[in-house]
Amino acid sequence: MTTNPFDADRPPERQSRRGGGRRRGGGSGASSNDSNGSQAGRRRTDESVMVPEVSFDSYYGRHIVKPAPWEKEVAAYLFLGGVAGGSALLAAGGSALNYPALRRVGRLGAVAGAALGGAALAKDLGKPSRALNMMRTVKLTSPMSVGTWILTAFGGFSGVALASELGGILLDGGSGENPTGGSAVALLSRALKLADGPATVGSALFGAPLAAYTAVLLSDTATPTWHESYHELPLVFVSSANLASAGLALIAVPTSQNGPARKLAALSAVVELAAFEVMQHRMGATLSEPLRTGKAGKLLRLSRALTVGGAVGAVTLGSNRVVAAVSGLSLMAASALTRFGVFDAGIVSAIDPKYTVEPQRERLERRRAAGATHDSITTAR
C-alpha cells in the first residue's frame, strides 16, 4: 500500500456497505440515498482544503534578488569616505579664510578617513591584492571601478596637502617662511609650499565625488530599496558626509575658527532631512518600508534626532566649547547611523521577495491603467 504526504489533507473516504450497491427493484429510496451521499461526498471533497495556503518566501529555495555579499566593513567605508570628502572641503575653506586650525583638522580628517575607509574596503574584499587588482583597468560603466580611481586621486591630493601642512610645522617651525640657503631642507620646503595650493584644490574637487559615488554604488545594484533611491540618495550621502566632517571640526577646532563648520552643519542638516523625506515619498510605501521598520528604521530615526539636536546645538551654542564638542559628536554619530541604516534596509529588501514582487505588480497595474497593452510586458485583460 502506497501513501502520499497529502493524504492528511484529503477528506475521509466513504465506506461502502458490504453487499451494498443499487438494488434491482423497489430501490428508489436506496438509490436516492446513494445519490444524496454521492453529492455530499462530492461537496465535502470540493469544500475541503486540498492544498494549504503558501507563504511565498523564496524562488525554488533561492532569493529572487541575491543580497549583496557585503559585510559591515562596507557600511563603515561608506561613513569613512564621507568623513574624508567633507573634511577636504572644510580644509579648503580653512585655507581660503586663513583658519589654520580648521585647515589642519580638515586635512588630517581627509587622510585618516581615506586611509581607514580603504582599509575597511580591503578587508571586505578579503585580500589586499584584490584592491590593487582593481587598479589594473578603468571601466566607466562600473561605479566600483570609477570609485576606486576617485579614492586614489583623492588620497594622493590629500596626502600632498597634509605633507605640506606637516612640512610647514617641521621644516620651518610653522613660521610660514622658507628656510634660507640651497639645502635639501630648503628645497623640500619650497616644493611643498608650491604643491600646497594645487593639492588643496584637487582634494576638495575629488571630495564631493568621493562622498557621492558610494550612493551610486548602492543604487546601481538590483537591491530594491537601494535601486529605487537613486534620485535622492547621492544628495543624502553628500549632506551626511558634510555633517560628519562638520562634527569632526566642531570637536577638534577652537571655537574662534569653527564658524564655517557650524554653517555647514546647519545647511547640510536641512538638505539631508528634506532629501530623505522626498526619497521615501517617491519610493512609495512598499519600497520605503525597510527604511521605516526593523533595525534600519530604529537607526534612521535615531539619526534624524541626532541630526536635529546636533545642528541646533552647533548653530545656537556652538561658540561654547563643551556644546560644540557634544554637537560634533551628535553629528558624526548621526552620519554613521544614516549609512548603517540605509545599508541594513537594502539587505532586508533583497532578502524579502515582497519588495521585489509587489512593486513589479504595482508597475504592471499602472501600465495597464494607462492603456499600455502593446508590448510583451503588459498584456490586455
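The values are calculated or read from the model by the stated rules, or taken from the named source; none is laboratory data. Not measured: the values here are computed from a predicted model. Methodologically, a virtual Cβ is constructed for each residue, glycine included, from the backbone with ideal geometry; neighbour enumeration extends over all protein chains shown.
Could you tell me how many of the residues in segment 219-266 are free of Cβ contacts under 8 Å to residues at least 12 places away in the same chain and under 30 Å from ARG292 (Cβ atoms)?
Count: 1.
Of all residues in segment 241-274, how many are in a helix (DSSP H, G or I), aliphatic (A, V, I, L, M) and buried (at least 20 other Cβ atoms within 10 Å of the Cβ)? Let's see the steps before the verdict.
Within segment 241-274, the first condition is being in a helix (DSSP H, G or I), and the residues that meet it are 241-252, 255-257, 259-274.
Adding the requirement that they be aliphatic (A, V, I, L, M) leaves 241, 243-244, 246, 248-252, 261, 264-267, 269-271, 273-274.
Next, from what is left, pick out any that are buried (at least 20 other Cβ atoms within 10 Å of the Cβ): 241, 243-244, 246, 248-250, 261, 264-265, 269.
Counting residues in segment 241-274 that are in a helix (DSSP H, G or I), aliphatic (A, V, I, L, M) and buried (at least 20 other Cβ atoms within 10 Å of the Cβ) gives 11.
Would a scan of segment 55-67 turn up a residue that is over 19 Å from ILE150 (Cα atoms), modelled with pLDDT of 80 or more and buried (at least 24 other Cβ atoms within 10 Å of the Cβ)?
No.
Conditions (1) over 29 Å from VAL253 (Cα atoms); (2) assigned to a helix (DSSP H, G or I); (3) without any contact (Cβ under 8 Å) to a residue 40 or more places away in the chain, marked per residue:
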position: VAL278; (1), (2), (3): yes, yes, no
position: LEU300; (1), (2), (3): no, yes, no
position: SER303; (1), (2), (3): no, yes, yes
position: LEU306; (1), (2), (3): no, yes, yes
position: VAL323; (1), (2), (3): no, yes, yes
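Looking at ALA122, ALA101, ALA131, can you tell me which residue is among the hydrophobic types (A, V, I, L, M, F, W, C), modelled with pLDDT under 90, over 19 Å from PRO209 (Cβ atoms) and in contact with a helix residue (DSSP H, G or I) (Cβ under 7 Å, 6 or more places away or on another chain)?
Unique residue meeting the criteria: ALA122.
Of everything in segment 186-213, what is among the charged types (D, E, K, R) and either in contact with a helix residue (DSSP H, G or I) (Cβ under 9 Å, 6 or more places away or on another chain) or crowded, with 20+ Cβ neighbours inside 10 Å (or both)? Give them in sequence order.
LYS193, ASP196
Are there any pairs, at least 6 apart or on different chains, whose C-beta atoms fall under 9 Å, with the first in segment 124-148 and closer than 13 Å to LEU217 by Cα and in contact (Cβ under 8 Å) with a residue 12 or more places away in the chain and the second hydroxyl-bearing (Ser, Thr, Tyr) and loosely packed, with under 12 Cβ neighbours inside 10 Å, and if so, which?
Note: no pairs meet the criteria.
Considering only residues that are crowded, with 24+ Cβ neighbours inside 10 Å, of a type in the set (S, T, N, Q) and farther than 15 Å from PHE276 by Cα, which ones fall in segment 214-233?
THR214, THR223
Among the candidates ALA285, ALA241, which residue alone is of a type in the set (Gly, Ala, Ser) and touching a helix residue (DSSP H, G or I) at 6+ places or on another chain (Cβ under 8 Å)?
Values: ALA285 fails: touching a helix residue (DSSP H, G or I) at 6+ places or on another chain (Cβ under 8 Å).
Exactly one residue qualifies, and that residue is ALA241.
Need the failing condition index for SER319 against (1) crowded, with 22+ Cβ neighbours inside 10 Å; (2) outside any helix (DSSP H, G or I), just the number.
All conditions pass for SER319, except number (1).
So which residues in segment 298-356 are β-branched (Val, Ile, Thr), under 22 Å from the mean Cα position of the chain (by Cα) and within 18 Å of LEU243 (Cα to Cα), if there are any at all?
THR307, VAL308, THR338, VAL342
Among the residues of segment 156-172, write down those that are surrounded by 16 or more Cβ atoms within 10 Å (Cβ to Cβ) and out of contact with any Phe, Trp or Tyr (no Cβ under 9 Å at 6 or more places or on another chain).
Scanning segment 156-172 gives GLY159, VAL160, ALA161, LEU162, ALA163, SER164, GLU165, GLY167, GLY168, LEU171, ASP172.
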